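Working notes, beginning with the structure itself.
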Amino acid sequence: MSSWKPITEKVTNLRQRRRADGSVRVWWEATADAQRLGFETVDLDANRPTWSKREAERLNLQLQRALNGTGAARGAGQRTISALIHIYRGSRHFKDRKPATRKSYNTNLNVIEAKWADALVIEFTKPVMDAWYDTLRGKHGDSYSKSIMLMMSRLMSFAETKGWRPEQSNPCARLGLKSAAPGTRFATWPEYDQLLKSADKLGMPAMACAIALSALNGARQTDIREARLDAFKWVQVPGTNGRLIWEFVRSKRGNHGIAAVHQLAAGRVQQLLDAATSGQVTLLVDHISKRPYNVRLFNARWREIRAHAAKAVPTVATLQFRDLRRTFGVWARAGGAMREDIGDVLGNSAAVDPILGETYMPPQFDSALRAIDAIKRPVDD
């Protein structure tokens with residue numbers, strides 16, 4: 001084995017690669033099966049080979065438990081948290097959720113299993129859960145700790161349906177979970193403009209389009225990443241020369257969305273439509289790999305763009321991609337849009353089954369159009 005590799009033993013899913021500058025990257029690679037269970041690739045430390053080896057082995061054990069659903073320490077067939085999670089993932093309570101929700105649940109289930117894999121379900125009490133919540137909250141804050149405890153509560157309720165716990169014995173009930181303060185960060189126009197300039201400078205037209213669709217159309221990252229080429233079409237809209245329309249199913253709520261693409265974003269969408277290659281399905285394709293984005297790659301590209309933009313506009317450094325969706329709401333309200341109209345864009349209203357034709361639009365389309373078109377670039381005096 002080459003001497004440049006810091007870890008000489010063979011460890012499943014552990015990868016090592018020498019970079020062009022001579023440094024070495026070491027990481028634990030999440031397989032396709034692992035990704036379906038919510039695992040993600042984890043970077044390790046080439047300067048700490050012993051620790052990296054142990055960490056890779058720990059992740060392999062955690063993955064194996066997630067795949068098998070049993071805890072070795074307690075023995076097969078016992079009613080452990082690992083066994084419960086395995087059954088839960090195969091139940092309608094999990095399978096009937098939307099893909100984005102299942103992914104979020106999987107992430108939280110992995111955290112729970114890493115902590116409590118071999119513990120018997122019947123042994124959990126309210127004092128134990130209250131103490132764990134305090135620990136999580138102290139280390140990770142309100143939002144993360146509440147998310148984990150709500151997942152644990154679902155598991156305990158599920159255990160009741162399987163007869164693993166008595167009815168009305170959920171140890172996570174009425175713990176007084178605290179919600180994080182609502183986010184308030186949104187982009188300014190100079191920040192938004194610099195992000196687009198940086199994306200263009202770095203040769204990332206797909207990411208520039210994603211930024212525009214989030215800030216100007218209020219779209220979630222998942223919906224943008226998964227947007228199909230055939231979801232966009234030009235239609236006649238009264239009072240216009242035609243508008244580019246985006247029709248999709250919202251990843252979080254599962255309801256149909258249909259909206260005109262903001263005029264300031266339509267050109268970037270059309271650019272990608274015109275550049276699409278044979279066999280391409282999604283609108284966004286990474287400029288290097290020529291493949292659709294997954295979450296990890298999308299976030300990596302976003303960080304590259306943000307770091308570049310921050311050199312010119314330093315405040316961009318604190319902006320998260322999810323803040324762009326909030327930006328839409330702030331800008332639309334500033335432009336005079338009603339809250340109800342904004343809700344139709346964000347998908348917070350009752351769902352309809354839209355049938356898009358050349359002349360017919362569902363009621364939500366008109367209100368969404370008002371909110372989208374309310375966003376106007378400020379005019380300098």
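The values are calculated or read from the model by the stated rules, or taken from the named source; none is laboratory data. It should be emphasised that the depicted structure is a prediction, and the values quoted were computed from it without experimental measurement. Please note: Cβ atoms are built from the backbone with ideal geometry, for glycine as well, and neighbour counts cover all protein chains shown. Ligands, DNA and RNA are stripped out before the accessible areas are found, and what is left, the full protein with its side chains, is counted by its heavy atoms. Shrake-Rupley method; radii C 1.70, N 1.55, O 1.52, S 1.80 Å.
Within region 308-339, work out how many residues are open to solvent by 60 Å² or more (accessible area, probe 1.4 Å) and either over 19 Å from the mean Cα position of the chain (by Cα) or of a type in the set (Gly, Ala, Ser) (or both). Break it down stepwise before answering.
First, the residues of region 308-339 that are open to solvent by 60 Å² or more (accessible area, probe 1.4 Å): 311-312, 314-315, 318, 320, 322, 326, 333-334, 338-339.
Filter once more, so that each one left must be either over 19 Å from the mean Cα position of the chain (by Cα) or of a type in the set (Gly, Ala, Ser) (or both): 311-312, 314-315, 333-334, 338-339.
Residues flagged as open to solvent by 60 Å² or more (accessible area, probe 1.4 Å) and either over 19 Å from the mean Cα position of the chain (by Cα) or of a type in the set (Gly, Ala, Ser) (or both) within region 308-339 amount to 8.
Of (1) in contact (Cβ under 8 Å) with a residue 24 or more places away in the chain; (2) on the phi < 0 side of the Ramachandran plot; (3) outside any helix (DSSP H, G or I); (4) open to solvent by less than 50 Å² (accessible area, probe 1.4 Å), residue 169 satisfies all except one. Which?
Of everything listed in (1) in contact (Cβ under 8 Å) with a residue 24 or more places away in the chain; (2) on the phi < 0 side of the Ramachandran plot; (3) outside any helix (DSSP H, G or I); (4) open to solvent by less than 50 Å² (accessible area, probe 1.4 Å), residue 169 misses just condition (1).
Scan region 274-295 and give yes if some residue there is under 19 Å from residue 217 (Cβ atoms) and basic (Lys, Arg), otherwise no.
No; the residues of region 274-295 include none that is under 19 Å from residue 217 (Cβ atoms) and basic (Lys, Arg).
Checking the conditions here, which among 210, 276, 227, 266 is under 19 Å from residue 319 (Cβ atoms) and open to solvent by less than 70 Å² (accessible area, probe 1.4 Å)?
210
When you go through (1) within 17 Å of residue 67 (Cβ to Cβ); (2) of a type in the set (Ser, Thr, Tyr); (3) open to solvent by less than 60 Å² (accessible area, probe 1.4 Å) one by one for residue 12, which number turns out not to apply?
Every listed condition holds for residue 12 apart from (3).
For the list (1) surrounded by fewer than 20 Cβ atoms within 10 Å (Cβ to Cβ); (2) within 29 Å of residue 312 (Cβ to Cβ); (3) in contact with a Lys or Arg (Cβ under 6 Å, 6 or more places away or on another chain), I need the number of the one condition that residue 188 fails.
Only one criterion is unmet by residue 188, namely (3).
Here are some residues: 131, 210. Which one is in a helix (DSSP H, G or I), of a type in the set (Gly, Ala, Ser) and at pLDDT 95 or above?
The conditions single out 210.
Check 202, 216, 195 and return the single one that is modelled with pLDDT of 90 or more, open to solvent by less than 10 Å² (accessible area, probe 1.4 Å) and more than 13 Å from residue 269 (Cβ to Cβ).
On the way: 202 fails: open to solvent by less than 10 Å² (accessible area, probe 1.4 Å); 216 fails: more than 13 Å from residue 269 (Cβ to Cβ).
Exactly one of 202, 216, 195 is modelled with pLDDT of 90 or more, open to solvent by less than 10 Å² (accessible area, probe 1.4 Å) and more than 13 Å from residue 269 (Cβ to Cβ), namely 195.
Could you tell me whether region 93-112 includes any residue that is of a type outside the set (A, V, I, L, M), open to solvent by 20 Å² or more (accessible area, probe 1.4 Å) and more than 26 Å from residue 250 (Cβ to Cβ)?
So far as region 93-112 goes, no, none of its residues is of a type outside the set (A, V, I, L, M), open to solvent by 20 Å² or more (accessible area, probe 1.4 Å) and more than 26 Å from residue 250 (Cβ to Cβ).
Kindly provide the set of residues from region 166-191 that are under 21 Å from the mean Cα position of the chain (by Cα) and not β-branched (Val, Ile, Thr), ordered by number.
Residues satisfying the conditions are 179, 180, 181, 182, 183, 185, 186, 187.
Go through region 121-156 residue by residue and tally those that are closer than 21 Å to residue 93 by Cα, over 26 Å from the mean Cα position of the chain (by Cα) and surrounded by fewer than 18 Cβ atoms within 10 Å (Cβ to Cβ).
Number of matching residues: 1.
Would you confirm, using the coordinates I've provided, whether residue 145 is farther than 30 Å from residue 269 by Cα, in a helix (DSSP H, G or I), at pLDDT 90 or above and touching a Lys or Arg at 6+ places or on another chain (Cβ under 8 Å)?
Values: farther than 30 Å from residue 269 by Cα: yes; in a helix (DSSP H, G or I): yes; at pLDDT 90 or above: yes; touching a Lys or Arg at 6+ places or on another chain (Cβ under 8 Å): yes.
It is true that residue 145 is farther than 30 Å from residue 269 by Cα, in a helix (DSSP H, G or I), at pLDDT 90 or above and touching a Lys or Arg at 6+ places or on another chain (Cβ under 8 Å).
Among what's in region 62-81 and is modelled with pLDDT of 85 or more and not in a loop (DSSP other than H, G, I, E, B), pick the residue that is farthest from residue 110 (Cα to Cα).
80
Which of the numbered conditions does residue 32 fail, given that it passes all the others? Conditions: (1) surrounded by 13 or more Cβ atoms within 10 Å (Cβ to Cβ); (2) of a type in the set (A, V, I, L, M); (3) at pLDDT below 85.
(1)
Name the one entry in 261, 295, 237 that is aliphatic (A, V, I, L, M), in contact (Cβ under 8 Å) with a residue 12 or more places away in the chain and touching an Asp or Glu at 6+ places or on another chain (Cβ under 8 Å).
Matching residue, one of 261, 295, 237: 295.
Scan (1) open to solvent by less than 90 Å² (accessible area, probe 1.4 Å); (2) of a type in the set (Asp, Glu); (3) at pLDDT below 80; (4) assigned to a loop (DSSP other than H, G, I, E, B) for the single condition residue 40 breaks and write down its number.
(1)
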